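*Asks:* Dropping a structure here in structure tokens format, bear with me for questions.
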Amino acid sequence: MRATTIHAPGDIRFEEVPDPRIELPTDAIVKVVAGCICGSDLWPYRGENDVTAGATIGHECVGVVEEVGADVRETKVGDFVIVPFCHCDNTCAHCRAGVQSACVNLGMTQSGQGEYARVAQADGSLVATDGMPDERLIPSLLALTDVMATGWHAAVAAGVQPGHTAVVVGDGAVGLSGVLAAAQMGAERVIAMSRHEPRQEIARAFGATDIVAERGKEGEARIADLTDGIGADAVLECVGTDAAMRTAFTVARPGSTVGFVGVPHGVELPVGRMFQKNVGLAGGMAPVRRYLPDLLERVLSGAIDPGRVFDLTLPMAESAEGYRAMDERRAIKVLLQP
Ligand SMILES: [Zn+2]
């Protein structure tokens, strides 16, 4: 098959690689209908994570089941499925506790920007739609494989409740999804931190009531003003840098929780402030499968349209341009079609 690979920082190719195959009887192979580039794919692209030269890249896709292993019972060839980026059996002790992202049989989508992807634990992981979905729904279904579920997890971890004032740090696709999640959970005010006009527009469409364009100390002061000096009832940290985490803890009111879903890079926690203000930290890698049935229902009913985060669609063969566009912030999120 052909798939997107990374050879070195900045070196993305679309080339021939071995077809993924059934390796365990619980596996399935999915023919990718749409894949996309994740903000976290930019870490290796920018050389901030190690790169295995020639490895496939891409962990977000939806598609049609092409083949299933001998022990797969629920998943059928021909099903249109949403593939959570982290695969799980959905039956082990950690899955039953709602932490499917720490499943004892954890797997990851490895070639979501290619023509086919292997899914471990097909029955536990995959959620099928009732027949082929309307093409217009595909971006929103694709968003459920990672970004929307990750933004949702940030809001759950932060403990967003009806009537709350929530602050979202980060205006990437996950941050914007976090705005949508907080609004869906009934937050009365959702303050989105964003400097970029097109992102501010989506944040507003997703339910942001206030936009703070300033960053760092100025942004923190603006949020203090907006909350009468009290701070936010819930904070969603959707970046993963030390600066973002610092802002999150600074704007969190005493007794609140920071929900973090940005992959941490060089973060040092302000434990002194956490202790003095009783501010907690919760979250981590999103247990996507836990939220999928509910989020699918919300997409199908039209309650949410998380596919709005895609502002550029390219043929998969042009994935390198997709990476450039996201790296240079010309695009929020890029959808790739085989
Ligand atoms: Zn499990």
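*Asks:* Could you work out how far apart the two model spin labels at Gln161 and His196 are, taking each label as a point 7 Å from the Cα in the direction of the beta carbon, and quote it in nm?
*Replies:* 3.5
*Asks:* Under a 1.4 Å probe, what is the accessible area of the chain per residue, stated in Å²?
*Replies:* Per-residue accessible area for the chain comes out at 42 Å².
*Asks:* Using a simple charge model, +1 on the beta-carbon of Lys and Arg, -1 on the beta-carbon of Asp and Glu, nothing else, what dipole does the chain show about its Cα centre, in debye to the nearest 20? Walk me through the numbers on the way to the answer.
*Replies:* Details: 29 positive and 44 negative charges, 159 e Å.
I would put it at about 760 debye.
*Asks:* Using a Förster distance of 41 Å, how high is the FRET efficiency between Thr91 and Lys217, based on the Cβ-Cβ distance and rounded to 0.05?
*Replies:* About 0.30, to the nearest 0.05.
*Asks:* If you don't mind, there's one more thing I want to ask. Once the Cα gyration tensor of the range 195-247 is diagonalised, what are the square roots of 5 times its eigenvalues, in whole Å and ordered largest first, as equivalent ellipsoid semi-axes?
*Replies:* 18, 15, 11
*Asks:* How high is the relative contact order of the chain, given as a whole-number percent (alpha carbon pairs under 8 Å, six or more residues apart)?
*Replies:* Reported as a whole number, the value is 19 percent.
*Asks:* If you don't mind, there's one more thing I want to ask. Which lysines, if any, have their Cα less than 25 Å from the Cα of Lys333, not counting same-chain residues under 8 positions apart?
*Replies:* Candidates past the 8-residue exclusion: Lys31.
*Asks:* Separate question: Which length gain, in nm to one decimal place, applies between Glu15 and Met132 when the Cα-Cα distance is subtracted from 0.36 nm times their residue separation?
*Replies:* 39.3 nm
*Asks:* Next question, about the same structure. Can you tell me the dipole magnitude for the range 222-265 around its Cα centre, using point charges on the Cβ only (Lys, Arg +1; Asp, Glu -1), in Debye to the nearest 20?
*Replies:* Here the range 222-265 has a charge dipole of around 60 debye.
*Asks:* Let me ask something additional. From the backbone phi of the range 59-73, what are the Karplus-calculated ³J(HN,Hα) couplings (6.51 cos²θ - 1.76 cosθ + 1.60, θ = phi - 60°) in whole Hz, Gly and Pro given as x?
*Replies:* Rounded to whole hertz, the list is 10, 10, 7, 10, x, 10, 5, 9, 7, 10, x, 5, 9, 7, 10.
*Asks:* Which of Leu236, Val267, Ile191 sits farthest toward the positive end of the charge dipole of the range 151-283, with +1 on the Cβ of Lys and Arg and -1 on the Cβ of Asp and Glu?
*Replies:* Sorting the options by dipole projection puts first Val267.
*Asks:* Also, I was wondering about something else. In straight Cα distance, which lysines are under 19 Å from Lys217, not counting same-chain residues fewer than 8 positions off?
*Replies:* Straight-line reach from Lys217, under 19 Å: Lys277.
*Asks:* Considering the options Val212, Gly283, Ile202, tell which one lies farthest towards the positive end of the dipole of the chain, charges being +1 on Lys and Arg and -1 on Asp and Glu at the Cβ, about the Cα centre.
*Replies:* Of the candidates, Val212 comes out farthest on the positive side.
*Asks:* So between Ala303 and Glu268, what do we pick up on full extension, going 0.36 nm a residue minus the alpha carbon distance?
*Replies:* Result: 8.9 nm gained on full extension.
*Asks:* At a 10 angstrom cut-off on C-beta neighbours, averaged per residue, how do the peptides 122-129, 46-53, 328-335, 68-75 rank from highest to lowest?
*Replies:* 122-129, 328-335, 68-75, 46-53
*Asks:* Packing-wise, with mean Cβ within 10 Å as the measure, how do 216-226, 172-182, 263-273 rank, highest first?
*Replies:* Result, highest mean Cβ count within 10 Å first: 172-182, 216-226, 263-273.
*Asks:* To one decimal place, what Kirkwood hydrodynamic radius in Å is obtained for the range 151-283 from all pairs of distinct Cα atoms? Each step should come with its number before you reach the end.
*Replies:* Numbers: mean 1/r = 0.0724 Å⁻¹.
Over the range 151-283, the inverse of the mean reciprocal pair distance is 13.8 Å.
*Asks:* Now, a different point. For the chain, with equal point scatterers placed on the C-alpha atoms only and solvent neglected, what are the log10 I(q)/I(0) values from the Debye formula at q = 0.06, 0.08, 0.14, 0.15 1/Å, to two decimals?
*Replies:* Taking Cα atoms of the chain as identical point scatterers yields -0.20, -0.35, -1.08, -1.22.
*Asks:* Still on this structure, I have one more. Of Val104, Gly159, Val81, which is farthest towards the positive pole of the range 1-160's charge dipole, taken about the Cα centre with +1 and -1 on the beta-carbons of Lys, Arg and Asp, Glu respectively?
*Replies:* Going by the Cα projections, it comes out as Gly159.
*Asks:* Also, I was wondering about something else. Just report the Cα centroid separation between the range 106-182 and the range 189-214, whole Å.
*Replies:* 20
The values are calculated or read from the model by the stated rules, or taken from the named source; none is laboratory data. Keep in mind that this is a model prediction, so the values were computed, not measured. We place every Cβ from the backbone using ideal geometry, glycine too, and count neighbours over all the protein chains shown. What goes into the accessible areas is simple: the full protein's heavy atoms, side chains included, and nothing from ligands, DNA or RNA. Shrake-Rupley method; radii C 1.70, N 1.55, O 1.52, S 1.80 Å.
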